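The values are calculated or read from the model by the stated rules, or taken from the named source; none is laboratory data. This is a predicted model, so every value here is computed, not measured. Note that we place each Cβ from the backbone using ideal geometry, even for glycine, and neighbour counts take in every protein chain shown.
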Amino acid sequence: MEVVRDFILIMINVCASNLRKDFFNIIKRVNDFESALIVNRQGQNLVVMSEQEYNNLIATLEILSNPVEYDKIMHPDMTGAKEYDSVDEALEDLGFYDEKV
């Protein structure tokens, strides 16, 4: 098993045979450390990640695909937008962490 630290995301690379041998421990590591698991099987890869990491990825994509929100984050001084100390703080302020009714 190979572990690669990429910015904030830890990526664990494992072949399918090793995943089967130690499935529950590997999945626990993925969930506990908000990492991504890359499973290699016959030259093809599958990515498994924690739900929190997936939600963060989707929220980031939604923000970056919206030109208005993107400009607010990238150029807060030009838009009069609020500055944030973290991505989570920005996402919360934009309503991405609100509970769905």
Inset, instruction - Using the structure shown, decide if residue 55 is out of contact with any strand residue (DSSP E or B) (no Cβ under 8 Å at 6 or more places or on another chain) and of a type outside the set (Lys, Arg). - result: yes
Legend entry - Residues of region 48-96 that turn out to be exposed (fewer than 13 other Cβ atoms within 10 Å of the Cβ), closer than 30 Å to residue 23 by Cα and at pLDDT below 85, as a count: 2
